[in-house]
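Engineer: Sharing a structure, written as structure tokens. Questions coming.
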Amino acid sequence: MRHPLAPHGYVKWTLVWVVMVLTLTGCWSSRELDELGVAVAIGVDKDEDDRYVLSVQIINPSEVASDAPTTRPPVTLYTTTGDTLFQAFRNMTTHSPRKVYVSQLRMVVLGPEIVNEGVTPALDLLYRNHEFRPTFFVTVARDASVSDILSTLTPYERIPAKKLMDSLIDTEENLGITKSVTIDNLIADVRSNGKEAVLPGILMEGDAATGTSTTNVEKVDAPTKLSIDGLSIFRGDQLVGWLKEEESQGYNYATGTVQSTIETFACDNPGTLSVEILRSNASMDAQLRSGKPTITIRVEVEGNVGEVDCVIDLSDDDKMKDINKKTEEVIEKKINAAINVTQEEYASDIFGFGNVIHRNHPAYWKQIKYDWKSHFSELEVKTDVKVKIRRKGKSTQPLQSEG
Amino acid sequence: MTDKDKQTNELDDSAPHALFSRVEKNIAYIETALGNSTDLVIRHIQLNKTKCAVLFIDGLVDKHTVQNFLMEALMLEMPKRRVSVTTLYNTIKDASLPIGELEEVKQFKDLFSRLLSGETLLLLDEETSALAASTKGWRDRGVQETNSESVIRGPKEAFTETLRTNTALVRRKIKDPKLRIDGKVIGRVTQTEIAVIYVDGLADESVVEEVHSRLDAIDIDGVLESGYLEEYIEDAHFSPFPTVYYSERPDAIAGGLLEGKVAIITDGTPNVLLVPALFVNFLQSSEDYYQRYDIGTFIRLLRLLSFCVALFMPSLYIAFTTFHQEMIPPSLLISLAAQREGVPFPAFVEALLMEFTFEILREAGVRLPKAVGSAVSIVGALVLGESAVQAGLVSPAMVIVVALTAISSFVFPSYNMAIPIRMLRFLFMILAATFGLYGIILGLIALIIHMCSLKSFGSPYMSPFAPLTTKDQKDVLVRFPHWGLFSRPSTQAKNNQGRTSHSSRGGQS
């Protein structure tokens, strides 16, 4: 008879299976935290020999999360070259003591050479490789080399890549002169016929050599600083120009991506009045009139009176209507400026008017699809901005007014 | 058949069945059978010219009772004129002895079990039956406060080692004539008394029958603790999960009886078994019902959370830090990575090291005499704390993980549910170190399938979740107010479901 403790057949086989599974596989693809070089920013550019130049900003964890910081910098920059981007990545192992881990990547900075030449070849790896999560932002280095930007130490926020990302998000949310673009959005725009891509720019102020040393962050006012610039305009996968701040804002109004910003205009009396924009919505429509398309952009904006620097009676309904109207004019002006510069100077449909026509009049779009660029420059665009001022702040009267 | 005899009394083989008529022969036989044990007291007396003997085991009887109610009555209140032995016997039996419980004994088997459980025997010459007076009385611990299941609000008393005290404690909670206490003796040598308690009409008859039949089937030489019985009667012998609940709190047992469960009290241990036991029972404390329902609910959810923490925390830590670094928020990742700089072991070995250290400390703490206890806690704090971190052997995050796991495993009201968690934790750690989150999920699926396959005396172990019984959810993760607990758990009290009447709630409705 079977002993009561003797295992059943299936128990025996299950045990054998479990033991085999556990012992034969090992700890495959497991990596300890201290074997990772956590990359937070990647810079991609090309050198004179048309080879890829890859710069990787890697965190030095014991410097960042230490209560006894030393003079070593919180991040390290490694730069390698390669015929392909992937090869450049693997060449990184000759420099870095740890394998580069890119899942926590915050930001990719594209260099001036590669954006002029075309970014598509470089994007493939960043999108294809499973280790890249498509949540990082893609930016363009403006008037500086990628490695200069990535080797600049930033005060206050110890990890430069995180500083750049936070500044970018803050600027986008509170000023609206730029727009954060993730890799999947960028690829969608580059591949689309009816929309061109934009990318935010990164600006370096000051001397590159000072920025790379820890003395840069030892000063109250760091001599070398990184800041977020307006939007760059792409045509296809090549950079063709830059929008000014107001034009970038106009672009964001037109595409409905303004979250909050400030609009300032002159009062009737001497002085200025600022309106805080709190919400904005935009919609685009395409109409076909006698075979010619017209785009209508409707923007609805809500805001508060933010700062009154002139004599005006806010309790007067007519004055409030006037403020609404003036704000509308300012916004409309910005939108039109953006449209004009893209239509006339760059012929790049960053607003996605082509897609609007495609959606509303697919048959017409088929005819003009391949000739869209020339059509775009002659496109008639109407803007219709509606502003509603909700609140006036704590005082209905400006400080200058008497009584 | 022979098995059955053997089970009921091992002395059977040598003992004659009936008592002899000569008192000397009986005494001689008893003395031989007990091997002239020194605690056997034999008092020879003459009653009405008849040779008699009073026998008891010293230490098991209440000497005061023997002295005042037995000896005194026998010596002073005997008939003066000469009577026949039968008359004398009947007089003593029916009239003379002021003792509550008096029984006739005709068999040696019976005689020994009574003598050895503290009754006093009166043997008369020329009479083939002896009288057994219940004079049980020995030193016991008395009803004391519970050590292992303490509560803030609620009765503090705990069961003791004495069966009768324990049955009395249950009776005092449930004064219903339908409370049934069935007796049993298990253990060929120990002759341990067992009481099966249930409320007739509430408990499912088939469960009561099943309990009886499983207990009757036990053939063992000794039962020293209810754990012996538990391993015999539990449904899943090879599962780490307990399918029999135990408690030393009379109120917890009484609460179970009111839900239609069956309690098994074993003489000699304060731990009373309760069946059927569901998984959720182990996550509930009797205090849940004494505190208000809102905090009761909160604490139950907290316990479920700590169940998960105690089971998965170290394995999740291993999985996240060695396989899924992308799932850790960046600033946390940097902080964890900084802590791991210079730690010589992989996260898995680190975790294993700390968990084993903790298990060792815990075991040492349970067994150690109280006087040495503080030394262990000091050393333990060094091994598991700052010093280990400073020595560079483990990372501070791992210390926190292990400490949190340890504390969480103490949240369960019942100690025996903490045991499978303690053991399965290591299994999950191995799975996490081998396959990462994928392994943990596979293990979790296997665990849930296993738990759903368990049954306890006919009730599905995971009920009322699987199978889902909406009506029974009122007293599982949340505890409804008492007026909302209108019915008993449907898997256990099949016959009598009603618990409250809706009009009984006071206040505004």
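The values are calculated or read from the model by the stated rules, or taken from the named source; none is laboratory data. What you see is a predicted model; the values in this text were computed from it and never measured. Glycine gets a Cβ as well: all are built from the backbone with ideal geometry, and neighbour counts include every protein chain shown. Note: accessible area is taken over every heavy atom of the protein model, side chains too, but ligands, DNA and RNA are not part of it. Shrake-Rupley method; radii C 1.70, N 1.55, O 1.52, S 1.80 Å.
Engineer: Considering the stretch B:316-342 alone, what residues qualify as being within 7 Å of another protein chain (Cβ to nearest Cβ) and in a loop (DSSP other than H, G, I, E, B)?
Structural biologist: Scanning the stretch B:316-342 gives B:323, B:341.
Engineer: Looking at residue B:192 and the list (1) out of contact with any Phe, Trp or Tyr (no Cβ under 6 Å at 6 or more places or on another chain); (2) at pLDDT below 90, which single condition is not satisfied?
Structural biologist: All conditions pass for residue B:192, except number (2).
Engineer: Also, quick follow-up: Considering only residues of the stretch A:96-126 that are of a type in the set (A, V, I, L, M, F, W, C) and out of contact with any strand residue (DSSP E or B) (no Cβ under 7 Å at 6 or more places or on another chain), which is least open to solvent (accessible area, probe 1.4 Å)? Write out each step before concluding.
Structural biologist: First, the residues of the stretch A:96-126 that are of a type in the set (A, V, I, L, M, F, W, C): A:100, A:102, A:105, A:107-110, A:114-115, A:119, A:122-123, A:125-126.
Narrowing further to those that are out of contact with any strand residue (DSSP E or B) (no Cβ under 7 Å at 6 or more places or on another chain): A:123, A:125.
Numbers: A:123: 8, A:125: 24 Å².
Checked the stretch A:96-126; the qualifying residue least open to solvent (accessible area, probe 1.4 Å) is A:123.
Engineer: Based on this model, can you work out whether residue A:335 counts as over 27 Å from residue A:271 (Cα atoms) and either in a helix (DSSP H, G or I) or modelled with pLDDT of 90 or more (or both)?
Structural biologist: Values: over 27 Å from residue A:271 (Cα atoms): no; either in a helix (DSSP H, G or I) or modelled with pLDDT of 90 or more (or both): yes.
The answer is no for residue A:335.
Engineer: Given (1) touching a Ser or Thr at 6+ places or on another chain (Cβ under 9 Å); (2) in a loop (DSSP other than H, G, I, E, B); (3) aliphatic (A, V, I, L, M), identify the lone condition not met by residue A:68.
Structural biologist: (1)
Engineer: Would you point out the residue of the stretch B:343-382, among those that are more than 14 Å from every other protein chain (Cβ to nearest Cβ) and aromatic (Phe, Trp, Tyr), that is most open to solvent (accessible area, probe 1.4 Å)? Spell out the reasoning first.
Structural biologist: As a first pass, look at the stretch B:343-382 and keep what is more than 14 Å from every other protein chain (Cβ to nearest Cβ): B:353-382.
This time we only want the ones that are aromatic (Phe, Trp, Tyr), so: B:356, B:358.
Numbers: B:356: 107, B:358: 26 Å².
Restricting to residues being more than 14 Å from every other protein chain (Cβ to nearest Cβ) and aromatic (Phe, Trp, Tyr), the top hit is B:356.
Engineer: Pick out the one residue from A:248, A:213, A:232, A:180 that is farther than 27 Å from residue A:384 by Cα and in contact with a Leu (Cβ under 8 Å, 6 or more places away or on another chain).
Structural biologist: A:213
Engineer: So, of the residues in the stretch A:314-324 that are in a helix (DSSP H, G or I) and touching a residue at least 40 places away in the same chain (Cβ under 8 Å), which turns out to be nearest to residue A:255 (Cα to Cα)? Reasoning before the result, please.
Structural biologist: Start the filter on the stretch A:314-324 by keeping residues that are in a helix (DSSP H, G or I), which leaves A:317-324.
Now narrow it down to the ones that are touching a residue at least 40 places away in the same chain (Cβ under 8 Å): A:320, A:322-324.
Values: A:320: 26, A:322: 25, A:323: 23, A:324: 21 Å.
It comes out as A:324.
Engineer: Is it the case that the stretch B:358-369 has a residue that's of a type in the set (Asp, Glu) and in contact (Cβ under 8 Å) with a residue 60 or more places away in the chain?
Structural biologist: Within the stretch B:358-369, the subset of a type in the set (Asp, Glu) is B:359, B:363.
Filter once more, so that each one left must be in contact (Cβ under 8 Å) with a residue 60 or more places away in the chain: B:359.
Scanning the stretch B:358-369 turns up at least one residue that is of a type in the set (Asp, Glu) and in contact (Cβ under 8 Å) with a residue 60 or more places away in the chain.
Engineer: Please find, among A:232, A:180, A:192, A:227, the residue that is hydroxyl-bearing (Ser, Thr, Tyr), more than 23 Å from residue A:74 (Cα to Cα), within 14 Å of the chain's Cα centre (by Cα) and open to solvent by 10 Å² or more (accessible area, probe 1.4 Å).
Structural biologist: On the way: A:232 fails: open to solvent by 10 Å² or more (accessible area, probe 1.4 Å); A:192 fails: within 14 Å of the chain's Cα centre (by Cα); A:227 fails: more than 23 Å from residue A:74 (Cα to Cα).
Testing whether each residue is hydroxyl-bearing (Ser, Thr, Tyr), more than 23 Å from residue A:74 (Cα to Cα), within 14 Å of the chain's Cα centre (by Cα) and open to solvent by 10 Å² or more (accessible area, probe 1.4 Å) leaves just A:180.
Engineer: Is there a residue in the stretch B:255-263 that is away from chain A (no Cβ under 14 Å) and within 30 Å of residue B:116 (Cβ to Cβ)?
Structural biologist: So the first thing to find is which residues in the stretch B:255-263 are away from chain A (no Cβ under 14 Å), and the list is B:255-263.
Next cut, within 30 Å of residue B:116 (Cβ to Cβ) only: B:262-263.
Yes, the conditions are met somewhere in the stretch B:255-263.
Engineer: Given the residues A:300, A:329, which is the only one that is open to solvent by 50 Å² or more (accessible area, probe 1.4 Å), within 18 Å of residue A:247 (Cβ to Cβ), at pLDDT 90 or above and of a type in the set (Asp, Glu)? Give the steps one after another, and end with the answer.
Structural biologist: On the way: A:300 fails: within 18 Å of residue A:247 (Cβ to Cβ).
Testing whether each residue is open to solvent by 50 Å² or more (accessible area, probe 1.4 Å), within 18 Å of residue A:247 (Cβ to Cβ), at pLDDT 90 or above and of a type in the set (Asp, Glu) leaves just A:329.
Engineer: Given the structure, is residue B:463 crowded, with 21+ Cβ neighbours inside 10 Å and within 27 Å of the chain's Cα centre (by Cα)? Please lay out each step first, then the result.
Structural biologist: Values: crowded, with 21+ Cβ neighbours inside 10 Å: yes; within 27 Å of the chain's Cα centre (by Cα): yes.
When the stated conditions are applied, residue B:463 passes them.
Engineer: Determine whether residue A:21 is assigned to a helix (DSSP H, G or I), open to solvent by less than 50 Å² (accessible area, probe 1.4 Å), within 14 Å of chain B (Cβ to nearest Cβ) and over 22 Å from residue B:343 (Cβ atoms).
Structural biologist: Numbers: assigned to a helix (DSSP H, G or I): yes; open to solvent by less than 50 Å² (accessible area, probe 1.4 Å): yes; within 14 Å of chain B (Cβ to nearest Cβ): yes; over 22 Å from residue B:343 (Cβ atoms): yes.
Considered against the rule, which asks whether it is assigned to a helix (DSSP H, G or I), open to solvent by less than 50 Å² (accessible area, probe 1.4 Å), within 14 Å of chain B (Cβ to nearest Cβ) and over 22 Å from residue B:343 (Cβ atoms), residue A:21 comes out as yes.
Engineer: Is it fair to say residue B:389 is within 14 Å of chain A (Cβ to nearest Cβ), farther than 30 Å from residue A:136 by Cα and aliphatic (A, V, I, L, M)? Outline the logic, then answer.
Structural biologist: On the way: within 14 Å of chain A (Cβ to nearest Cβ): yes; farther than 30 Å from residue A:136 by Cα: yes; aliphatic (A, V, I, L, M): yes.
Taking the combined requirement at face value, the residue satisfies it.
Engineer: Any chance the stretch B:69-77 includes a residue that's within 30 Å of residue B:173 (Cα to Cα) and surrounded by 17 or more Cβ atoms within 10 Å (Cβ to Cβ)?
Structural biologist: Residues of the stretch B:69-77 that are within 30 Å of residue B:173 (Cα to Cα), as a first pass: none.
No, the stretch B:69-77 contains no residue that is within 30 Å of residue B:173 (Cα to Cα) and surrounded by 17 or more Cβ atoms within 10 Å (Cβ to Cβ).
Engineer: Inside the stretch B:399-442, can you point out the residues that are in a helix (DSSP H, G or I), farther than 19 Å from residue B:305 by Cβ, within 14 Å of chain A (Cβ to nearest Cβ) and open to solvent by less than 20 Å² (accessible area, probe 1.4 Å)?
Structural biologist: Result: B:429, B:432, B:433, B:434, B:439.
Engineer: Does the stretch A:36-51 contain any residue that is open to solvent by 10 Å² or more (accessible area, probe 1.4 Å), aliphatic (A, V, I, L, M) and more than 14 Å from every other protein chain (Cβ to nearest Cβ)?
Structural biologist: no
Engineer: Do you know which residues across the stretch A:64-95 are surrounded by 16 or more Cβ atoms within 10 Å (Cβ to Cβ), in contact (Cβ under 8 Å) with a residue 40 or more places away in the chain and either hydroxyl-bearing (Ser, Thr, Tyr) or more than 12 Å from every other protein chain (Cβ to nearest Cβ) (or both)?
Structural biologist: Residues satisfying the conditions are A:73, A:77, A:79, A:85.
Engineer: Now a separate question. Got at least one residue in the stretch B:307-315 being of a type outside the set (Lys, Arg), open to solvent by 60 Å² or more (accessible area, probe 1.4 Å) and within 14 Å of chain A (Cβ to nearest Cβ)?
Structural biologist: So far as the stretch B:307-315 goes, no, none of its residues is of a type outside the set (Lys, Arg), open to solvent by 60 Å² or more (accessible area, probe 1.4 Å) and within 14 Å of chain A (Cβ to nearest Cβ).
Residue by residue, here is whether (1) at pLDDT below 90; (2) on the phi < 0 side of the Ramachandran plot holds:
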{"site": "A:347", "(1), (2)": "yes, no"}
{"site": "A:358", "(1), (2)": "no, yes"}
{"site": "A:383", "(1), (2)": "no, yes"}
{"site": "A:391", "(1), (2)": "yes, yes"}
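Engineer: Are there strands (runs of 3 or more DSSP E) fully within the stretch B:116-212 with at least 3 residues that are open to solvent by 50 Å² or more (accessible area, probe 1.4 Å) and touching an Asp or Glu at 6+ places or on another chain (Cβ under 7 Å)? List them.
Structural biologist: On the way: elements: B:120-124, B:130-133, B:179-186, B:192-199.
Correct list: B:179-186.
Engineer: Looking at A:218, A:245, which one is more than 16 Å from the chain's Cα centre (by Cα) and either free of Cβ contacts under 8 Å to residues at least 12 places away in the same chain or open to solvent by 60 Å² or more (accessible area, probe 1.4 Å) (or both)?
Structural biologist: Values: A:245 fails: more than 16 Å from the chain's Cα centre (by Cα).
Unique residue meeting the criteria: A:218.
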